[in-house]
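In what follows, a single structure is set out as structure tokens and then discussed.
The values are calculated or read from the model by the stated rules, or taken from the named source; none is laboratory data. Predicted model only: the values in this text are computed from it and were never measured. Cβ: placed from backbone, ideal geometry, glycine included. Neighbour counts: every protein chain shown.
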Amino acid sequence: MNAETIKQTVSKRKEQIFATFGHLHANPEVSWKEVETTAYLAERARALGLQVTTFDDCTGLVATWGEGKPVIGLRTDIDALWQEVDGTWRANHSCGHDAHMTLVLEAIETLKEAGFQPAGTLKILFQPAEEKGDGALKLIEKGMVDDIDYLFGVHLRPIQEMKAGNAGPAIYNGAALFLEGEISGVAAHGARPHLGINVIEVAAAIVNGLGSIHTNPVVPATAKMTMLKAGGDNYNIIPDRATFALDLRAQTNQVMDELLEKIKRMVAGVEAIFDTKITLRAGSRMVAAEVNEEAKALMEQAILDILGEEGLRPAPVSPGAEDFHFYTVERPQIKATMLALGCDLGPGLHHPQMSFTRESLLDGVGILAQVVVRAFEKAAK
Ligand SMILES: [Zn+2]
Ligand SMILES: [Zn+2]
């Protein structure tokens, strides 16, 4: 199958592609509640003759086309955000997951229509709850990705990063981690501070400690206190209990581990200095991208095939987080990358009025269909 056939089929399907997007865009559902979305996707996949697996305990589905090895995977997230749009709180597809579903579904439609037959299995992950950060982990836990050789995802890029007509072969998302802490001090009268342990002074020492933690400066990383609650209505009491939260970011998983280690050591030091008790609990964590070079090269080739030399851009580095990367961190044998699709998206991802150029959907459908063709060719060698 050559790229010309894919491109022609995509342009023939233009109106259907816009219609698929129109339906998904008009019917947003939030994380873990994508019930109608799951039903719609299952129906479309069955109509294409795919084998569909749905789950009793959660939304989302996995569809397969063909059988045996190799297994090439396509992944889309399916959830929307809950936010205020024009004065009304509602589910809203402001992260473009409606576009991602359209791209993956229509890439399959395009391949079918173009007469493609997978020499192995094409597996499509319609993953719930990306915005909650635990949707990918759920599919991993269910054993849905164990047999996947190559996995391709996609995310629309904001206009500041990439313009319409351009695409990149990977997205280098960073890692994020929240730490929740509690400090237990000793209460005392404001006139006799020497008899107490002031938790606000302990928290201040932690904030200062963060300032002297250093990781390799060529890898962006930050750690800061983003919440602190201590003291009450009586200003003459030395407070004995504080809760706080730290927000940690790092561009690689290795630096995140290092940052976390150094923070734990610093907090233990503060604990000793003040002779107090500080507990630290890890909250939700997002891992940084682990991009496979082979998968990235296949995506690069697919972009060249569909958009030409002028459409290929370097893979963007993004401070944002994405739960796609759990697939490769938890199952390192999977060779994965994400397509970064330029589409003149503004004002920004998660903005209630987010919009983008519809025509870019055609680029994305073509690239995803083409990367599937390329991956099967590569695996056959
Ligand atoms: Zn998002
Ligand atoms: Zn997203």
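Scoring Val218 on the criteria (1) touching a residue at least 60 places away in the same chain (Cβ under 8 Å); (2) over 23 Å from Asp323 (Cβ atoms) leaves a single failure, condition (1). All of Cys58, Cys95 fail the test of being within 16 Å of ligand 1 (Cβ to nearest atom), at pLDDT 95 or above and not acidic (Asp, Glu), apart from Cys95.
Entry remark, the stretch 113-132: residues being small (Gly, Ala, Ser) and either crowded, with 24+ Cβ neighbours inside 10 Å or within 16 Å of ligand 1 (Cβ to nearest atom) (or both) number 1 in total.
Each row is one residue, and each column tells you yes or no for (1) at pLDDT below 95; (2) more than 14 Å from ligand 2 (Cβ to nearest atom); (3) over 20 Å from Glu290 (Cβ atoms).
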| residue | (1), (2), (3) |
| --- | --- |
| Pro332 | no, yes, no |
| Leu339 | no, no, no |
| Pro347 | no, yes, yes |
| Phe356 | no, no, yes |
| Glu359 | no, yes, yes |
| Asp363 | no, yes, yes |
| Ile367 | no, yes, yes |
| Val372 | no, yes, yes |
| Phe376 | no, yes, yes |
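Among the conditions (1) surrounded by fewer than 16 Cβ atoms within 10 Å (Cβ to Cβ); (2) within 26 Å of Ala288 (Cα to Cα), the only one that Ile273 does not satisfy is (2). If the condition is being crowded, with 20+ Cβ neighbours inside 10 Å and either under 21 Å from Ile6 (Cα atoms) or within 16 Å of ligand 1 (Cβ to nearest atom) (or both), then the stretch 289-299 contributes Ala289, Ala295, Leu298, Met299.
Step by step: first the residues of the stretch 113-132, then only those that are closer than 22 Å to Cys58 by Cα and outside any loop (DSSP other than H, G, I, E, B), then the one that is nearest to the chain's Cα centre (by Cα). Which residue is that?
Initial filter on the stretch 113-132 (closer than 22 Å to Cys58 by Cα): 123-132.
From what's left, outside any loop (DSSP other than H, G, I, E, B): 123-127.
On the way: Lys123: 19, Ile124: 17, Leu125: 14, Phe126: 14, Gln127: 11 Å.
The selected residue is Gln127.
For beta carbons closer than 9 Å, sequence separation of 6+ or different chains, a first residue in the stretch 94-109 that is farther than 12 Å from His25 by Cβ and a second that is part of a helix (DSSP H, G or I) and within 16 Å of ligand 1 (Cβ to nearest atom), the qualifying pairs are Leu105/Leu24.
One residue stands out among those in the stretch 90-100 that are touching a Phe, Trp or Tyr at 6+ places or on another chain (Cβ under 7 Å) and among the hydrophobic types (A, V, I, L, M, F, W, C): the one that is farthest from ligand 2 (Cβ to nearest atom), which is Ala91.
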